[in-house]
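The values are calculated or read from the model by the stated rules, or taken from the named source; none is laboratory data. Quick caveat, the model's predicted, so the values are computed rather than measured. Don't worry about glycine lacking a Cβ; one is built from the backbone with ideal geometry, like all the others, and counts go over all protein chains shown.
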Amino acid sequence: MTYEGVLTKMQTEFGNPIQYYLVFEDSFLNMNQILNQEIEISFVGYQCLNCGKKKKIFRQGFCYDCFYSSAAVGDWIMRPELSTAHLGVADRDLDYEQKVQLQPHIVYLALSSEVKVGVTRKTQVPTRWIDQGANEAISIIEVPNRYLAGITEVALKNHYADKTNWRKMLTNDVPAADLIAERMKLEALIPAEAREYFVLDKNDLYQMEYPVLQYPTKVKSLSLDKTPTFQGKLTGIKGQYLIFEDNTVFNVRGSEGYVVQLKV
């Protein structure tokens with residue numbers, strides 16, 4: 001079978017194990033069903049996820065112009081503490097920013113390569129944790145807007161990592177940790193503005209099982225810009241990465257906006 005279309009991050013379904021789907025405009029593929037099979041990925045071109053033009057992708061699936069103009073990639077996305085919609089102040093587009101920023105957000109601890117702190121919209125639980133390849137995750141606090149989540153994350157960054165080491169995540173070199181115990185000792189670290197939202201007895205621990213037949217011992221990253229055609233046996237999926245038998249890994253989300261042909 002041959003599939004062709006613009007790459008976007010794989011859609012996921014929480015289960016045991018997690019189900020992964022590559023979704024194209026006219027078709028979709030359950031990636032779990034092709035584990036242990038040879039597949040070929042070929043680069044065809046680019047298509048910006050924002051304007052739809054066939055322009056070289058700059059970052060996050062956007063062309064250069066869209067990356068610096070679209071409200072969907074403002075600085076507050078990566079740095080929630082810069083959110084200003086709760087003040088009625090626009091960054092690029094106040095209507096869009098109010099829709100995204102003025103909704104319940106979760107600050108969480110996740111065990112992906114080590115214990116890390118992060119922020120996500122409540123509607124993205126547990127998708128966000130699956131996308132980063134966390135083995136376990138637990139919410140710390142639920143707040144009504146992105147700004148409060150951001151300042152809470154900043155305060156906790158002094159005590160926890162805020163990024164995933166993707167190599168450790170993919171080799172499953174992850175030390176054990178007790179996220180419930182970690183959460184129990186956090187209240188004093190939460191900023192005064194947000195502390196009223198902390199509920200001590202909320203221990204909704206998520207545990208993720210990924211469809212991986214064999215974890216690599218080391219990883220080498222596939223770039224379609226450097227290697228426009230790649231063929232290999234798919235042996236696992238974790239986070240937004242495809243893992244191949246020869247230790248090659250392919251970051252689907254990191255290649256959003258690339259038009260590819262996939263042969264199974």
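Here are the numbers for the structure shown:
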{"read-out": "Whichever residue in region 158-177 is out of contact with any Pro (no Cβ under 8 Å at 6 or more places or on another chain) and not in a loop (DSSP other than H, G, I, E, B) and, among such residues, is farthest from Asn251 (Cα to Cα)", "value": "Ala161"}
{"read-out": "Test result for Thr248, over 24 Å from the mean Cα position of the chain (by Cα) and assigned by TED's automatic domain parsing to the domain that holds Met10", "value": "no"}
{"read-out": "Residue satisfying all of: in region 66-80; touching a residue at least 40 places away in the same chain (Cβ under 8 Å) and crowded, with 18+ Cβ neighbours inside 10 Å; nearest to Tyr46 (Cα to Cα) among these", "value": "Trp76"}
{"read-out": "Among the candidates Ile130, Ile138, Ile106, Ile151, residue that is of a type in the set (A, V, I, L, M), modelled with pLDDT of 95 or more and within 18 Å of Lys238 (Cβ to Cβ)", "value": "Ile130"}
{"read-out": "Residue, surrounded by the fewest Cβ atoms within 10 Å (Cβ to Cβ), within region 38-53, restricted to residues that are in contact (Cβ under 8 Å) with a residue 40 or more places away in the chain and farther than 15 Å from Phe250 by Cβ", "value": "Gly45"}
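Quick grid of which residues meet (1) within 20 Å of the chain's Cα centre (by Cα); (2) part of a helix (DSSP H, G or I):
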{"site": "Ala155", "(1), (2)": "no, yes"}
{"site": "Glu196", "(1), (2)": "no, yes"}
{"site": "Val199", "(1), (2)": "no, no"}
{"site": "Lys218", "(1), (2)": "no, no"}
{"site": "Ser223", "(1), (2)": "yes, no"}
{"site": "Thr227", "(1), (2)": "no, no"}
{"site": "Lys233", "(1), (2)": "no, no"}
{"site": "Leu262", "(1), (2)": "no, no"}
